[in-house]
Structures are given as structure tokens and as C-alpha cells.
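Computed from the coordinates by the stated procedures, all read-outs in this text should not be read as laboratory data. Nothing here was measured: the structure is a model prediction, and the numbers come from that model. Every residue, glycine as well, gets a Cβ built from its backbone with ideal geometry; the counts of neighbours run over all protein chains shown.
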Amino acid sequence: MTCHACGASLATTAKFCHKCGAQVGAGQAAGWRVGLPWGVAGAALGALLTVVVLRLGTPSGEGRRERGDADTPASRLSPPDISQMSPEERATRLYNRVMTLHSQGKADSAEFFLPMALQAYAMLPALDVDGRYHIGVLDLTGGDYAGALAQADSIRRAVPTHLFASMLRARALELRHDAAGARRAYADFLRNEAAERARQRPEYAEHRDNLDAFHTQAIQLAAGPARAR
């Protein structure tokens, strides 16, 4: 099975595309279901499949290997063993976990870990653009378009032409059913894309697949009115 939006190969049980976030089986999904794109950074995917410790009463504190959410209720899953990580690493690991669970169609498990991820970012002493982008994606995952718009505004104040601001705004405005505002955000992305990507910001390299998928959707949206004429 392939994604109707970006052509990526999908598992037969997938509900959303792991590359661009489009809803499987829908010509144009609304809200954050279209927008979890970006959410999955390619370089981080390997970390998401690592062994996690399930501390469910074992005396030594060593848990079982995670077998997946299909046979383990979300309420019994433990977060990744993040005790030896820095605060930034903890936040990133939890973000990655939420995004991976969602891309696998395990929405209930993603919802279970979502508050932990948001709390981890809230505990950071400072946030860079990439951190604010991650928070915005998590907000969209939880249906909080206002929170995502706030993060987009913060990114835009720091770097007025940053592509992540346009991406978050487009997804949040889609979730708010503001089609005109979303189109403006897509247009802003395309207007600034060449110059911004030429800057080779580290966060752009990390989220290259997400940027490419968003670019494709922005081009398709821009071509729509032209075809109609």
C-alpha cells in the first residue's frame, strides 16, 4: 500500500503515513492527521526501536523487552529508561516515542506518552527552534492548535523566515479549519524555502524528509487553483 500524498510505502495496517502524516484512505485529511509529517525525524527513528525497560514489579529493576503495544495496554507501558540522559535527550527520546507510536497507528499509546513528552520539554531551562518545533508537533498530536500556533509565533519572532514556523502554522490552521490561513502559511513556506534551505541549518538536515514532504504538499496546493482556471 502506498501513501496517496507522497507515495511512500506503507504497512497494510497503517492509519497515517510515517513520512508526511497524511491519513490513509482519505483524499485530504483535516487537522493534525494531515500534519504529522515532520513529526518523525529520520535520524531519530533508530532510537525509537530500542529496548525499553518495563518496571513492572521485577525485583532487580530490569524489565522485559518491549514487544509492542499490540499485546500491552498503554497504561502498562513504561517510558524509555531515561535516567542517565540529559534533560534535552530525555525530551527528544519521549518526542520520538510519541511520533513513532503514532506513525504505527497506535494512537492510544501515543496519547499515553504525550503528556510525559510535553512535561519533559517544559522542564528544559531554555528552548531552541528545534525544541519549539517538537513542542508544536506534540501540541498538534494532542489537537491543541492554539499551542502549536504559539510555538510557530515564537519561532517566527526568533527567525522570521524559518520554515518550521510556516509548517506549524499550516498544520494548526488546518486543524482550526482556517483554509485561507493555511494556504497563506503554505505560500510563506514556498516563498522562503530556497533561501532558508541554503542556510543549511542543522535542524533542517535532521528533518529533511519532513521538509521534502511538506514541500510536495505545498506545491500541490499551489497548483490546485491554477488547474481550476
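When the Kirkwood radius is taken over all Cα pairs of segment 116-172, what Stokes-Einstein diffusion coefficient follows at 4 °C and 1.567 mPa s, in µm²/s?
118 µm²/s
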List the residues of segment 170-197 whose backbone N lies under 14 Å from a point placed 7 Å from the Cα of residue 219 along the Cα-to-Cβ direction.
190-191, 193-194
